[in-house]
Amino acid sequence: MEGFEMINAGLWSILPPLIAIGLALITKEVYSSLIVGVFSGMLIYNFMTGGTVLQAVTMVPQMMAEQIGGNGTMILFLSMLGAVVVVITMAGGSRAYGNWAAKRIKSPTGAKLFTGLLGALIFIDDYFNCLTVGTVMRPVTDKFGISREKLAYFIDATAAPVCIIAPISSWAVAVAGYMGEGAGFDAFIQAIPYNLYALLTLAMVLYLCLTNFDFGLMKKAQEEAAARMEAVREEEDNSADFDGIRVSPNGKVYDLLVPILVLIVVSILGMAYVGGFFSGEMGFIEAIGENPTMGLTLGSFAALVTALVLYIPRRLMTFREFMEGVCQGVKSMVPAIMILVLAWSLSSVCRYMIGTGPFVSGVVESSGISLSLLPAFVFVIAAFLSFSMGTAWGTFGILLPIVIAVCSGEHGAAMLIPSMGATLAGSVFGDHCSPISDTTILSSAGAKCDHISHVSTQIPYATFVAALCFTGYLLSGFVKNPWIVLVICLILMLAAFRVIERKQKNVSGETEGQ
């Protein structure tokens, strides 16, 4: 926050994110929980600097205003993407695609596999992944009775976990930047096999796609989904309106595909252009990570213009209806944007005002643990920090320099790559679970799933994978081959699935017997 210096709030620095997360999970209401979290952070800052309660109150909207200004491009991208989604729906493109896909995708397994595959293919940026996959696949998964919670999980589990192991992504460039040019990208590539959370999460997604296996709250949500989705489908099929605006019955599949393809192509080219690739200032990989949000904004604008040219001459809608759809689309993104603004505010309070990051990193530096246990220890710290702040980027930005310093000695060099992989894995895990994470919020928005429902159903799945990761990182301190560690973790995962399935069958049999 401009004009304020960061203080060392010590243990108090982790209180605001814990308050926000705890309230959100207890009350099931995210807006007030985030506001209370931001306000508690401002109170801590002002009490420790001699300020007043009134100053803390006035700093909350000031922080929110700064976040809106600093993230204006992201807000513009989300608004225009919401507009694209609505006008495509009004033109009948989403309905036509849903009908087309339902004829060719013959089972829930096919719908889940296609969702997971699409999520894995869109690896350039996690924001783009979350909203695009939800837009394209939601009509299909609805038709096969796949719950919105499960769709949100598939979206979230193929967003950051794919981006963090994809060499051509904004995430790869960010990580390499912390390590230094040249050597940084090589280190990122070497760390991919040690990024156990990303790899095991993708393996779990594949298993869930191929089977009907579920557990915990997700199982309950999936059991309730069939009847609920049937009602939603009938309502959509029998309705000619979208929020009071006419939906064209003459839409074609290409009315969805063409704008989406334009969005993808122009976003990638826009990232490269803004980053200086075409002017020769940077290579392609570096360019797309320079300012990816601006590239996404250019892509969403191009998709909106394409929709206008594609729909109006064919009389799928009038120009007036098109502009009404744009307004409806912007309105549809307001809840997600508000959550993001509040989450950004809380993250900024923690990172730049009360020193949550330095406090946690100090714990890492002063731990004095054996280097063979460093990957497991770093994984836990990164997960906690990312969960608390709601940002994977901020977490590995804080911890990677510390890991490099700890492993800089002769004896620690062998643990650098495993510890780097553990840092990235823990950062993604914490981000994956956190209710205040932007990717978690956008996954809920993309699936049109209640945000707290998405968080509560996803946490058991993510935590299950994290427990396997922790075991793997304990082994990696002694087993120097990452692929052996990965295979052991996969075997443990399958064995755990079998045990859970057996217990569920026993419980089901006992229930039927009663």
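Miscellaneous remarks
- Within straight-line reach of LYS252, meaning a Cα separation under 22 Å, sit the following lysines at least 8 residues removed in sequence or on another chain: LYS103, LYS106, LYS143.
- Phi-based couplings in Hz for segment 468-473 (Karplus 6.51, -1.76, 1.60; Gly and Pro marked x): 5, 4, 4, 4, x, 6
- Annotation for segment 280-345 versus segment 428-505: alpha-carbon center distance of 32 Å.
- With the highest mean first, a sort of the peptides 49-56, 159-166 on other beta-carbon atoms found within 10 angstrom per residue produces 159-166, 49-56.
- By a 1.4 Å probe calculation restricted to protein chains, ARG498 has an accessible surface near 130 Å², given to the nearest 10.
The values are calculated or read from the model by the stated rules, or taken from the named source; none is laboratory data. All figures in this text were calculated on a predicted structure; none of them were measured in a lab. Cβ sites come from the backbone with ideal geometry, for glycine too, and all protein chains shown count toward neighbours. To get the accessible areas, we keep the full protein, side chains included, count just its heavy atoms, and leave off ligands, DNA and RNA. Shrake-Rupley method; radii C 1.70, N 1.55, O 1.52, S 1.80 Å.
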